[in-house]
1. Condition first: of a type in the set (Gly, Ala, Ser) and either open to solvent by less than 30 Å² (accessible area, probe 1.4 Å) or in contact (Cβ under 8 Å) with a residue 24 or more places away in the chain (or both). Can you find one or more residues in segment 169-180 that meet it?
2. With the structure loaded, tell me whether Pro429 is touching a residue at least 60 places away in the same chain (Cβ under 8 Å), open to solvent by 10 Å² or more (accessible area, probe 1.4 Å) and in contact with an Asp or Glu (Cβ under 7 Å, 6 or more places away or on another chain) or whether it fails that test.
3. Out of the residues in segment 275-294 meeting the condition of being at negative phi and touching a Gly at 6+ places or on another chain (Cβ under 8 Å), tell me which one is least open to solvent (accessible area, probe 1.4 Å).
4. For residues in segment 29-47 being open to solvent by 10 Å² or more (accessible area, probe 1.4 Å), among the aliphatic types (A, V, I, L, M) and at pLDDT below 80, which is farthest from Ala283 (Cα to Cα)?
5. Taking the condition of being open to solvent by 50 Å² or more (accessible area, probe 1.4 Å) and either at pLDDT below 85 or not hydrophobic (A, V, I, L, M, F, W, C) (or both), how many residues in segment 304-334 meet it?
6. Which members of segment 148-164 meet the condition of being touching a residue at least 24 places away in the same chain (Cβ under 8 Å) and over 15 Å from the mean Cα position of the chain (by Cα)?
7. Would a scan of segment 386-393 turn up a residue that is assigned to a loop (DSSP other than H, G, I, E, B), at pLDDT below 90 and surrounded by 15 or more Cβ atoms within 10 Å (Cβ to Cβ)?
8. So, in segment 88-107, of the ones that are in contact with a Ser or Thr (Cβ under 9 Å, 6 or more places away or on another chain) and assigned to a helix (DSSP H, G or I), which residue ends up nearest to Ser131 (Cα to Cα)?
Amino acid sequence: DVVETQEHYKSRWRSIWIMYLTMFLSSVGFSIVIMSVWPYLQKIDPTADASFLGWIIASYSIGQMVASPLFGLWSNYRPRREPLVISTAISVAANCLYAYVHVPHSHNKYYMLTARALVGFGAGNVAVVRSYIAGATSLTERTSAMANTSACQAVGFILGPVFQTCFTLIGEEGVTWKFLCLQLNMYTAPVLFGALLGVINIILIFAIFREHRVDDMGRQCKSINSDGEGSDVLDQNTEGSIDHVAVVALNVLFFVILFVFAVFETIATPLTMDMYSWTRKEAVFYNGIILSVIGIESVVVFMVVKTLSKKTGERAILHAGLLTVLIGFFILLPWGKKLPNIQWQEIKNNSIPRTAPTEMLMPFWSLQEMQLPSNHTAEPVGCPVTQSWCLNTPVIYLAQYISSDVLIGLGYPVCNVMSYTLYSKVLGPKPQGVYMGWLTASGSGARILGPVFVSQIYTHLGPRWAFSLICGVVVASLLLLEIVYKRLIAFSVRYGRMQE
């Protein structure tokens with residue numbers, strides 16, 4: 001056994017802090033343009049419609065889903081500096097491509113799609129980051145380090161839109177540098193800023209990052225993919241097989257966690273527009289405030305669970321987090337008798353009795369054919385008659401919605417960090433790159449499928465069906481957690497090398 005030297009300890013934690021920065025920049029790369037993608041797309045390519053916007057948003061997650069296992073595999077056999085630098089360089093190049101998507105004379109929307117997919121591909125380094133942190137921390141340090149990683153990711157998601165807002169001061173026209181064919185405006189400045197941050201990240205990886213590894217007890221040992229900078233002492237505690245049942249179960253649980261949160265993010269704007277007759281501007285503004293508050297709440301939760309997990313253990317906290325998410329979605333179920341306002345004010349006032357039973361309402365086809373007066377210029381608000389459930393589904397009160405936001409904002413970060421922590425502990429001293437890649441890929445797949453699922457169910461069947469199905473999915477995940485509960489223990493504990 002080799003006691004870790006003070007020099008090794010400092011170098012190890014400097015490298016972990018570089019990983020925190022990499023995680024932060026990865027999430028900034030996603031969120032820094034998310035509010036401006038649609039107006040920029042309309043400006044550079046008028047042929048693009050809202051459905052193509054959906055593909056552009058999803059392309060980030062698709063790119064990350066493909067890249068995560070590849071970068072994870074790479075990091076298992078080569079110094080992690082290699083995939084970290086290459087992935088960050090891909091993100092830098094993709095951001096520069098995004099800044100130039102206005103230059104071609106046609107098919108601009110496909111260049112934007114490619115740019116966002118490549119940014120997502122570069123974000124596959126999340127698997128490398130988490131596998132490094134798992135190998136460079138002892139069991140007692142692991143929960144805190146994983147919580148810090150998730151907190152950096154959450155802060156990146158919060159600050160990305162803030163950076164975007166600051167760059168709106170440049171304006172839509174901005175400054176044009178003809179010799180570079182570059183327009184520096186509110187759409188391109190954020191991605192160029194992201195590219196600059198990426199270059200700084202690469203410099204710091206070369207200057208500060210070193211390969212370090214400790215075993216579950218915190219003893220210094222040689223990394224399997226060391227570039228010659230680490231100790232020559234090998235870890236003798238790698239014998240034993242990984243519990244693949246626990247690994248698969250945690251992948252499924254992580255998929256569910258990110259799936260339900262993607263549903264929550266996706267449904268927020270259309271739900272509030274339908275239920276509270278908010279305009280597009282009001283829905284974006286109010287939900288932006290709510291999501292920002294939830295982001296701050298998440299950072300606080302990440303800090304709290306580091307202390308709480310030492311007293312109760314990660315499994316109990318994961319269980320509590322899933323229960324909190326379940327209660328949050330259960331609260332969203334419509335319970336009252338009041339119906340939402342139908343979108344056209346004229347229909348609401350003159351045609352539809354608000355308390356009439358369903359069979360007494362006007363035929364649905366006739367409602368669709370009704371036209372607004374020619375002098376009507378205001379944006380239509382309320383629940384559109386094209387969604388037939390609007391005519392018989394009770395309104396979800398604002399108090400329900402806010403309460404649900406608070407609970408989901410509490411439960412999601414708890415589940416997120418506990419999933420990563422338990423996963424890394426179950427894997428133990430084995431190289432975790434590929435496994436972390438699959439976990440990241442499952443989360444990316446959830447972010448792709450969640451919006452598709454909820455948009456179809458919500459539009460055609462309404463919030464009662466959508467949120468009931470989500471509650472059913474969370475209940476199923478709780479049952480799965482109960483089944484594998486005793487298997488979700490650290491590798492070293494499983495083989496009797498440490499006490500739980």
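The values are calculated or read from the model by the stated rules, or taken from the named source; none is laboratory data. Only a predicted model underlies this, so the values are computations on that prediction, with no experimental measurement involved. Reconstructed Cβ throughout: ideal geometry from the backbone, glycine too, with neighbour counts over all protein chains shown. Accessible surface areas use protein heavy atoms only, side chains included; no ligands, DNA or RNA. Shrake-Rupley method; radii C 1.70, N 1.55, O 1.52, S 1.80 Å.
1. yes
2. Taking the combined requirement at face value, the residue satisfies it.
3. Ile294
4. Here the residue is Ile34.
5. Residues flagged as open to solvent by 50 Å² or more (accessible area, probe 1.4 Å) and either at pLDDT below 85 or not hydrophobic (A, V, I, L, M, F, W, C) (or both) within segment 304-334 amount to 4.
6. We begin by selecting, within segment 148-164, every residue touching a residue at least 24 places away in the same chain (Cβ under 8 Å); these are 148-161, 163-164.
Selection gives Asn148, Phe163, Gln164.
7. Filtering segment 386-393 for residues assigned to a loop (DSSP other than H, G, I, E, B) gives 386-387, 392-393.
From what's left, at pLDDT below 90: 386-387, 392-393.
From the residues that got through so far, the ones that are surrounded by 15 or more Cβ atoms within 10 Å (Cβ to Cβ) too are 387, 393.
Yes, segment 386-393 contains a residue that is assigned to a loop (DSSP other than H, G, I, E, B), at pLDDT below 90 and surrounded by 15 or more Cβ atoms within 10 Å (Cβ to Cβ).
8. Filtering first and then ranking leaves Thr88.
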